[in-house]
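Data first, discussion second: the structure below is written as structure tokens.
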Amino acid sequence: MLAAWLVYLILRPALTWVFTQAEWQVIVTNFRLFMRGQYPDEAVWRLWVGIYFLALVMGMSWGVWGQAARTFAALFGAAALLFVLLPFSLNARLNWVGVLITLVAAMLLARNRAALKPWVILGWVILLPLTIVLTAGAAWLPFLSPVAPRLWGGLLLTLMLTIIGNTLALPLGILLALGRRSSLPAIKSFCIGYIELWRGVPLVTVLFMAQIMLPLFLPAEIRVDPVVRVIIGLTLFEAAYQAENVRGGLQAMPRGQFEAAYALGLNGVLTMLFIILPQALRLVIPALLNSFISLFKDTTLVAIVGLFDLLLIGKTTLAQPDFLGKYREVYAFLFVVYWAFSMMFSYASQRLEKTLGVGTR
Amino acid sequence: MSAPASDIIIECRDVHKWFGHFHALKGINLTVKRGEVVVIFGPSGSGKSTFIRALNRLEEHQRGQIIVDGIELSNDVRHIEAVRSEIGIVFQQFNLFPHLTVMQNITLAPIWVRRWPKSKAEATAMELLERMGIPEQAHKFPGQLSGGQQQRVAIARALAMQPKIMLFDEPTSALDPEMIKEVLDAMKALARSGMTMVVVSHEMGFAREVADRMIFFDVGMIVEEGSPEQIFSAPQQERTKLFLSQILSPRRMN
């Protein structure tokens, strides 16, 4: 009772503020900026293609796996519905209607068709590369003229940094963790050195190195886009942490599992691939996703080296003459966005654990 | 692998093993013939498990020779893998792979080491599961099975590689009493089929029934060996007599 009363005491003014006093015009006007920064208008359709593809794959997952994917699809659909209802441009709202239709249609199409499973998995695998190609474009691709990554901004940049950084860091981390257990002294000491070096350096330092020092070391002809440099920095940094997470899982594996595999004549590589890694990684899903979420929030540091991530975009909108002093609105909005994504990632971690928990001892 | 057609399949000459300063095996000499069933028993810490694990090099010996089916165990990795794929081992703790189904547990090595097509591996696995009396468990995970069933899966998994020798390292010690019989029955059937078996066990009923030879280990040495009749009715050594009197209390007889 007391707790409920306290919650009410706190929530009432907050909600009153949200619905009656706050002036959300700053968000509505700058919504494009928040979502994609300086990403050129004429290329926005490519981001939509990415979102449509996500809706397609997610809807199909819902159809073939049912319960395991349902909540994600529902959350995605709810977000899309919210965007339809909020006062954005007509174009955007129509597109969200389209996304919703795609989601539901894909679900209906794929329902009870287990034969589609490999295709859905393939869809998830190519989702990220496809989105990157669509977003970045390339000179040799028709219709997809290159958009320099330094023009990416806002939520687009934040998500790209998080997802690309983490996706590249995990395999690298696994290799480092395996290397750390190697019996070859050269590999072992290299991996230990790498991990301890990167873990001993603050992320800000890594970002400054990537932004300021790296160009000095590279020959003048080689120009690497600042966003790409930051992604490389984040990946190398994150890999050290993921390596330690994976090592925890490897150390938790009972010796009997190695012995049983060796006794069957499996060599070291097959033993790792089929017996040890699948179990060890499953054990450390919480830790892996924990690092994932950490990196998501740490991407706000890229603002320090001048990349317009979601947080820095927020700051710049506050400098607009029309919206001076709208701190509360902007930061409340950013809070909700970061919170929603973090919650989603942590929920994904729980689902993953449950779904992959088959045959636990 | 030019296996000599000789009768002897395992030959150990003066095998020594140290764990740090602890001298675990003190010069073991032993030969095992094809088709022979050898039961090793002795007090805990006597080196019997270490010895059986040295036969497929899960433990390294530091002195002496172990020759299995014509191949000497040395640091050469190819030799080790060749020997290991000819020897099946069943562990006290089963050591099934908990993330794979029973079927996958059994077919993994035949598919990836023996390079069998999946269909052949699965057909063989089903045959083995039927021999073990648990064909209906093929698509379950090990965690869903009882201890006795798990151990029978472990035996099937080892047999799937069509080994020439089967090692058993206290296969019933981790089982509840009512499950010991089903595992021992499977092992007896295997022994009668002519498989060469080296079994570390205190199941004296099993030994009496199927062992060709019994070996008593103590403090890292072979103290006594002989046929079950000799060992049970006329043990020569005091230590053997003492140990047998301790474990052959009526409760342990079966």
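Every read-out reported here was derived from the displayed coordinates using simple, explicitly stated rules and does not represent laboratory data. Bear in mind the structure is a predicted one, so any value in this text is a computation, not a measurement. Glycine gets a Cβ as well: all are built from the backbone with ideal geometry, and neighbour counts include every protein chain shown.
Restricting attention to the protein assembly as shown, close to 55% of DSSP beta bridges with both partner residues there are antiparallel.
Between A:A74 and A:M209, the FRET efficiency from the beta-carbon distance, with R0 = 45 Å, is close to 0.60. For the protein assembly as shown, the residue among B:V183, B:M214, B:G27 whose Cα projects farthest onto the positive side of the dipole built from Cβ charges is B:V183.
Relative contact order of chain B, taken over Cα pairs closer than 8 Å and 6 or more residues apart, is 25 percent.
The magnitude of the dipole of the protein assembly as shown, with charges of +1 and -1 set on the Cβ of Lys/Arg and Asp/Glu and taken from the Cα centre, is near 940 debye. Placing +1 on the Cβ of every Lys and Arg and -1 on the Cβ of every Asp and Glu, with no other charges, gives segment A:174-302 a dipole of roughly 240 debye about its Cα centre. Taking N as the residue count of chain A, its C-alpha radius of gyration divided by 2.2 N^0.38 Å amounts to 1.11.
Note on B:S119 and B:L242: the extension gain reaches 39.0 nm, defined as 0.36 nm multiplied by sequence separation minus the Cα-Cα distance. Within chain A, the longest run free of chymotrypsin sites (Phe, Trp or Tyr not before Pro) that sit in a DSSP loop with at most 10 other Cβ atoms within 10 Å is A:144-361.
Distant-in-sequence amide contacts of B:A24, defined by a placed amide H-H separation under 5 Å and a gap of 5 or more residues or a different chain, comprise B:K17, B:W18, B:F19. Every Cα-Cα pair of chain B was included, and the share exceeding 23 Å stands at 51 percent.
Springs between Cα atoms under 10 Å define the GNM used for chain A, and in it the highest mean-square fluctuation of A:V230, A:V125, A:V57 occurs at A:V125. Rounded to the nearest 20 debye, the dipole magnitude of chain A is 800 debye, with +1 charges on Lys and Arg beta carbons, -1 on Asp and Glu beta carbons, and the Cα centre as origin. Every helix of 4 or more DSSP H residues in chain B counts as -39500 (n - 2.57), and over all residues that averages to -11000 deg cm²/dmol at 222 nm.
Considering only B:T172, B:I8, B:F97, the residue lying farthest towards the positive end of the dipole of chain B is B:F97, judged by Cα position with unit charges set on Cβ. Per-residue Karplus couplings for segment A:258-269, computed as 6.51 cos²θ - 1.76 cosθ + 1.60 with θ equal to phi - 60°, are listed in order as 4, 4, 4, 5, 4, 5, 7, x, 5, 7, x, 5 Hz, Gly and Pro entered as x.
Over the residues of chain A, the helix contribution to mean residue ellipticity at 222 nm works out to -23000 deg cm²/dmol, using -39500 (n - 2.57) for each DSSP H run of at least 4. For chain A, a Gaussian network of Cα nodes joined below 10 Å ranks A:G50, A:G200, A:G165 by mean-square fluctuation, and the top entry is A:G200. Within the protein assembly as shown, all pairs of alpha-carbon atoms sorted by distance into 20 Å bins from zero give the percentages 15, 38, 26, 17, 4, 0.
Dipole of the protein assembly as shown (Lys/Arg Cβ +1, Asp/Glu Cβ -1, origin at the Cα centre): which of A:G123, B:A109, A:L144 lies farthest to the positive side? Of the candidates, A:L144 comes out farthest on the positive side.
Amide H to amide H, with H built 1.01 Å from N, B:I40 comes under 5 Å of B:V199, B:V200, B:S201, B:I215, counting only residues 5 or more places away or on other chains. Across peptide A:251-264, the mean count of Cβ atoms from other chains lying within 10 Å of each residue's own Cβ comes to 6. The relative contact order of segment A:31-147 comes to 34 percent, based on Cα pairs under 8 Å that sit 6 or more residues apart. Segment A:Q320..A:A148, full-extension length gain: 59.4 nm, with 0.36 nm per residue of separation and the alpha-carbon distance subtracted.
Within the listed set A:I313, A:I164, A:I275, the residue fluctuating most in the Gaussian network model of chain A (springs between alpha-carbon atoms under 10 angstrom) is A:I275.
What is the distance, in nm, between label points placed 7 Å from the Cα along the Cα-to-Cβ direction at A:Y347 and at B:A234? Once both label points are built, they end up 8.0 nm from each other. Restricting the calculation to Cα atoms, segment A:63-148 yields a radius of gyration followed by a Dmax of 15.8, 42 Å.
Close amide H contacts of B:I89 (hydrogens built in the peptide plane, cut-off under 5 Å, sequence separation of 5 or more or a different chain): B:L167.
Pairs of lysine residues in chain B that meet both criteria, 8 or more places apart or on different chains and Cα atoms under 24 Å apart, total 18.
Taking 7 Å steps out from each Cα toward its Cβ at A:N91 and B:E209 produces label points 8.2 nm apart. Please give the FRET efficiency for A:Q251 paired with B:N29, using the beta carbon to beta carbon distance and R0 = 30 Å, rounded to the nearest 0.05. Here the calculated transfer efficiency is 0.20.
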